[in-house]
Amino acid sequence: MSNRTVDTLSDPKADVRRLLDTGMRVYAEEPGLVAYGLDGDGALLDGVLRMPEGGAAARWGDRRMVCCL
């Protein structure tokens, strides 16, 4: 086992903000939002778009790049 320590942790909110700031579209599917208790008003960062279940995958064929967070 290595003696390395983790000195940084991911920050999903900052990652999403960076994507939005660069003009990327960010989608969140409704079932995932419900599962994490983020289905209420104001739960998502401004600019994040809600989609029905399967909506994101249905669009992947039209995209040059897809990132999942």
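The values are calculated or read from the model by the stated rules, or taken from the named source; none is laboratory data. In this text the structure is predicted, and so the values were computed from the model without any measurement. Backbone-built Cβ (ideal geometry, glycine too); neighbour counts: all protein chains shown. Accessible surface areas use protein heavy atoms only, side chains included; no ligands, DNA or RNA. Shrake-Rupley method; radii C 1.70, N 1.55, O 1.52, S 1.80 Å.
Pull up all non-local amide H partners of Ala28: gap of 5 or more, or a different chain, and H-to-H distance under 5 Å with H placed in the peptide plane.
Leu49, Arg50, Met51
So what's the back-of-envelope 222 nm ellipticity for the chain, counting only DSSP H runs of four-plus at -39500 (n - 2.57) apiece and dividing by all residues, rounded to 500?
On the way: 3 runs with 21 residues, N = 69.
After summing the helix terms and dividing by residue count, I get -7500 deg cm²/dmol.
Note the angle between two axes, namely the Cα long axis of helix 12-21 and the longest principal axis of the Cα atoms of the chain, as a number of degrees from 0 to 90, rounded to the nearest 10.
Between helix and principal axis, roughly 60 degrees.
Rounded to the nearest 0.05, what FRET efficiency is calculated for Arg17 and Asp62 with R0 set to 35 Å and r the Cβ-Cβ distance?
0.90
Give the carbon-plus-sulfur fraction of the accessible surface of the chain in %, rounded to a whole number; probe 1.4 Å, heavy atoms of protein chains only.
In the chain, the share of accessible area belonging to carbon and sulfur is 52 percent.
Treating the beta-carbon of each Lys and Arg as +1 and of each Asp and Glu as -1, no other charges, what is the dipole magnitude of the chain about its Cα centre, to the nearest 20 debye?
340
Peptides 58-65, 36-43: what's the order by average Cβ count within 10 Å, highest mean first?
Ranking the peptides 58-65, 36-43 by packing returns 36-43, 58-65.
Leaving out ligands and nucleic acids, and using a 1.4 Å probe, what accessible area per residue does region 1-54 come to in Å²?
85
Report which label in (1) 6.6; (2) 6.0; (3) 7.1 holds the value of mean projected area of the Cα convex hull in nm² derived from the coordinates of this structure.
It is the value labelled (3).
Relative contact order (percent) for the chain, with alpha-carbon contacts under 8 angstrom and 6 or more residues of separation? It would help to have the intermediate numbers written out before the result.
Working: 41 pairs, mean separation 21.0, N = 69.
That works out to 30 percent.
Among Pro52, Val16, Leu33, flag the residue with its Cα farthest along the positive direction of the charge dipole of the chain, charges on Cβ as +1 for Lys/Arg and -1 for Asp/Glu.
Farthest along the dipole direction, towards plus: Val16.
Just to check I understand the Karplus step: with θ = phi - 60° and J = 6.51 cos²θ - 1.76 cosθ + 1.60, what whole-Hz values come out for region 61-69, glycine and proline as x?
Rounded to whole hertz, the list is x, 8, 9, 7, 8, 10, 10, 10, 10.
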